[in-house]
Amino acid sequence: MRIVYHDVVIVGSGLAGLRAAVEIAGKHDVAVLSKLHPLRSHSGAAQGGISAALGNAGEDSPLWHAYDTVKGSDFLADQYAVEVMCNDAPRAIIELEHMGVPFSRLESGRIAQRPFGGHTSNYGRAPVRRTCYAADRTGHVCLNTLYEQSLLRNVSFYAEYQVLDLCMSDGAVNGVVATDLKTGEIMIFHARSVVLATGGYGKAWKTTSNAFANTGDGLGIALDNGIPLQDMEFVQFHPTGLYQLGILITEAARGEGGILRNGEGERFMERYAPSIKDLAPRDIVSRSIYEELRYGRGAGPLKDHVLLDLTGLSKKAIAEKLPEIESFAKTYLGVDPVQAPIPVQPTCHYAMGGIPSDVNGRVTRDSEGSEVSGLWAIGEVACVSVHGANRLGSNSLLDLIVFGRRAGKDINRYLDRVCLAPLPLDIGRGLQAVRQVDALKRRRTGETVHQIRSDLQRVMMEYVSVFRDEEGLKKAVGDITLLQERAARLKVVDQGRVFNTELLEAIELQHMVNYSKAVAVAALERKESRGAHSRDDYPKRDDGSWLRHSLYYFEKGGGYRYEQKPVDLSLASRYSMFVPKERKY
Ligand SMILES: Cc1cc2nc3c(=O)[nH]c(=O)nc-3n(C[C@H](O)[C@H](O)[C@H](O)COP(=O)(O)OP(=O)(O)OC[C@H]3O[C@@H](n4cnc5c(N)ncnc54)[C@H](O)[C@@H]3O)c2cc1C
């Protein structure tokens, strides 16, 4: 088996992975592995922007930003981590600017900022312009800039390598098993430290804004290795996906003045969030849309969607600030947003939960915070947790940049002082992967990936989306358990080695059924409504019993274990407004 050595192996070339790579390059030998070409990572699809209290377009402060983030999270975010992120945000943006990110500008030449949902001044008084952007292509320009910077610093890239497993030695992670998509060869990357930056997992739902590759591989690999997943019940539905397609229409459309209307033309958000209306956090807006539909006030003949009205904006403003949105609406729905409102519906968008990690990206394995040596997790696959039960728009790109850099610095220290030589490699995991792939290819009976995946997407959409209840969640857990069994017996028709995408999708599906079970179980266990987790049978938030993070462990043979972990309330001990209370907007 071919073995390649690098000091650091980063799995994933989205913004989180690349930001860490840029920090490490030049100090240690770093490789980035990605199942896609780096510039195809989902970060490149981010539209609306990245938040930071720069105060370029009105007074602002990192503490106000932290308050909004904690309140937006429905008080489940770890407050120290939020403080770290919001304090570092202005510096991180200027650093990106110096690296070459072409942000949109104000007349004064400073970086332009726009309002986004849940971002306010003065602890909730009024919307604030906090989100920095480059038209509606913010992720695209950030990803291109960081890729360029990585190439300049000689980061080694392995594009189109899919990681299958971790290598471990005495409980410490010291490499990964990967397959080269071009040849089908399975090989090992031996390393002193490994970073998982594999992004989100929206593909388990039928309607999603996520890319095809967002299959949560990092989460599945963590579960397989005894590492728990935290707060998996919190899955964000973005209020404005294109009707029937789920393709995202950025919240910036509302930040720039777009208004949501029901089928009767009414601006319904006035009813649900009287002070900030359409700019309420996403969990609230998505629920409000479903309430309107429940009351029969939807738009169109089926009354199954609402309308995003941009007709109050000028043609010039749309062309300059929302050019991609204009072209999506025209291309996919034949609607010109200058003339007519865009049909929209909530779409599965973002995972607040993930692999538990601390503010330096170190993965932890239990409620005490014990580390998994040699392993870091950053970006959407990780749960730091800065987003708690609901993420504010434009806080994810910030999370990637801030914690990507911090993980990079932490790894540099770890390699300089702690792990001075690579731990001996056990190639057992590599051989196991070869056997598994062979067995998959040899199987002649069983269902195809497509059948099982579409059943999974239907179950998640029906029972584990915006509104949940005991009966539906129990059904989901049962159905997913059967799907796990079906996925373990599926067959792969394509026997080729070169770009065998069917085989790779079969492997991704194993991860999908496993993390989906974590989502359904954690949602069934949490008997309250908080942030994006809304239970019809437990409509109230219950801090007494549930101001806790959840931890889900996968046990071999299909079983699982569920535990809890306390929430860090360190800002509340200094500032009274951070003490959990009812959210009002
Ligand atoms: C349409 C859309 C618009 C968004 N807009 C915004 C916005 O305006 N502002 C904001 O803050 N957030 C936004 N978000 C959220 C944000 O973009 C994501 O949370 C973020 O980009 C995730 O970045 P990441 O680096 O963690 O992972 P990604 O960018 O998703 O990258 C994951 C990487 O992991 C690799 N990978 C995965 N599995 C494997 C494997 N098994 N082997 C090898 N490589 C693997 C992939 O190839 C890829 O390189 C948006 C999300 C979407 C979907």
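Computed quantities for the displayed model
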{"item": "Rg/Rg_globular for region 531-581, with Rg_globular taken as 2.2 N^0.38 Å and Rg from C-alpha atoms", "result": "1.52"}
{"item": "Proximal charge balance of Glu525 [Cβ under 14 Å; K/R count +1, D/E count -1]", "result": "+2"}
{"item": "Sorted by Cβ neighbour density within 10 Å, fewest at the top, the residues His238, His349", "result": "His238, His349"}
{"item": "Value of [θ]222 nm, deg cm²/dmol, for the chain, DSSP H segments ≥ 4, -39500 (n - 2.57) each, nearest 500", "result": "-11000 deg cm²/dmol"}
{"item": "Cut-off under 5 Å, modelled amide H: who pairs with Arg530 long-range", "result": "Arg535"}
{"item": "Fewest-first sequence of Asp217, Asp231, Asp494, Asp568 by Cβ atoms within 10 Å of each Cβ", "result": "Asp494, Asp568, Asp217, Asp231"}
{"item": "Calculated log₁₀ intensity ratio I(q)/I(0) where the Debye formula runs over C-alpha points of region 342-396, q = 0.19, 0.25 Å⁻¹", "result": "-0.67, -0.97"}
{"item": "Charge context of Lys474, other residues only, Cβ under 15 angstrom, K/R +1, D/E -1", "result": "-3"}
{"item": "Nearby lysines by direct alpha-carbon distance to Lys315 (threshold 23 angstrom, same-chain neighbours under 8 apart not counted)", "result": "Lys330"}
{"item": "Overall Cα dimensions of region 236-349 - principal axes, largest extent first, Å", "result": "35, 31, 26"}
{"item": "Modelled FRET efficiency - R0 30 Å, Arg294 with Lys474, Cβ distances, 0.05 increments", "result": "0.85"}
{"item": "The chain - share of DSSP beta bridges that are antiparallel (%, nearest 5)", "result": "70 percent"}
{"item": "Of the chymotrypsin sites (Phe, Trp or Tyr not before Pro) in region 286-335, those whose Cβ has at most 15 other Cβ within 10 Å and which sit in DSSP loop", "result": "Tyr295"}
{"item": "Among Ala319, Val84, Leu398 - extreme Cα towards positive end, dipole of the chain, charges at beta-carbon", "result": "Ala319"}
{"item": "Under 15 Å, Cα to Cα: Lys pairs in region 428-543, sequence gap 8 or more or different chains", "result": "5"}
{"item": "Cut-off under 5 Å, modelled amide H: who pairs with Phe499 long-range", "result": "Lys182, Thr183, Gly184"}
{"item": "Kirkwood estimate for region 179-251, i.e. one over the average of 1/r between Cα atoms, Å", "result": "15.0 Å"}
{"item": "Note, ³J(HN,Hα) from phi for region 308-315, Karplus 6.51, -1.76, 1.60, rounded to Hz, x at Gly and Pro", "result": "9, 9, 9, 5, x, 8, 6, 4"}
{"item": "Debye intensity ratio I(q)/I(0), log10, region 1-98, q values 0.10, 0.12, 0.17 Å⁻¹ (C-alpha model)", "result": "-0.40, -0.56, -0.96"}
{"item": "Fewest-first ranking of Arg271, Arg129, Arg282, using other Cβ atoms within 10 Å as the exposure measure", "result": "Arg271, Arg129, Arg282"}
{"item": "Three semi-axes of the equivalent ellipsoid, region 369-519, Cα gyration tensor, whole Å, largest first", "result": "33, 27, 14"}
{"item": "Label-reachable residues, region 161-182, where backbone N falls under 15 Å from a point 7 Å from His37's Cα toward its Cβ", "result": "161, 182"}
{"item": "Extent along principal axes [Cα atoms of region 406-487; Å; largest to smallest]", "result": "52, 40, 18"}
{"item": "Orientation-averaged projected area, Cα convex hull of region 447-525 (nm²)", "result": "5.0 nm²"}
{"item": "Neighbour-limited loop hits for trypsin sites (Lys or Arg not before Pro), region 167-210 (at most 12 other Cβ within 10 Å; DSSP other than H, G, I, E, B)", "result": "Lys182"}
{"item": "Nearest-20 debye value, region 1-113 charge dipole, Cβ charges on Lys, Arg, Asp, Glu", "result": "560 debye"}
{"item": "Cα convex hull of the chain, projected area averaged across orientations, nm²", "result": "24.7 nm²"}
{"item": "Charge dipole (debye, nearest 20) of the chain; +1 at Cβ of Lys and Arg, -1 at Cβ of Asp and Glu", "result": "380 debye"}
{"item": "Per-peptide average of other Cβ atoms within 10 Å, ordering 553-564, 84-95, 400-411, 429-440 highest first", "result": "400-411, 84-95, 429-440, 553-564"}
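Since every read-out is calculated from the coordinates, none of them should be taken as a lab result. As the structure is a computational prediction, the values presented were derived from the model and not from experiment. Virtual Cβ from ideal backbone geometry, glycine too; neighbours counted across all protein chains shown.
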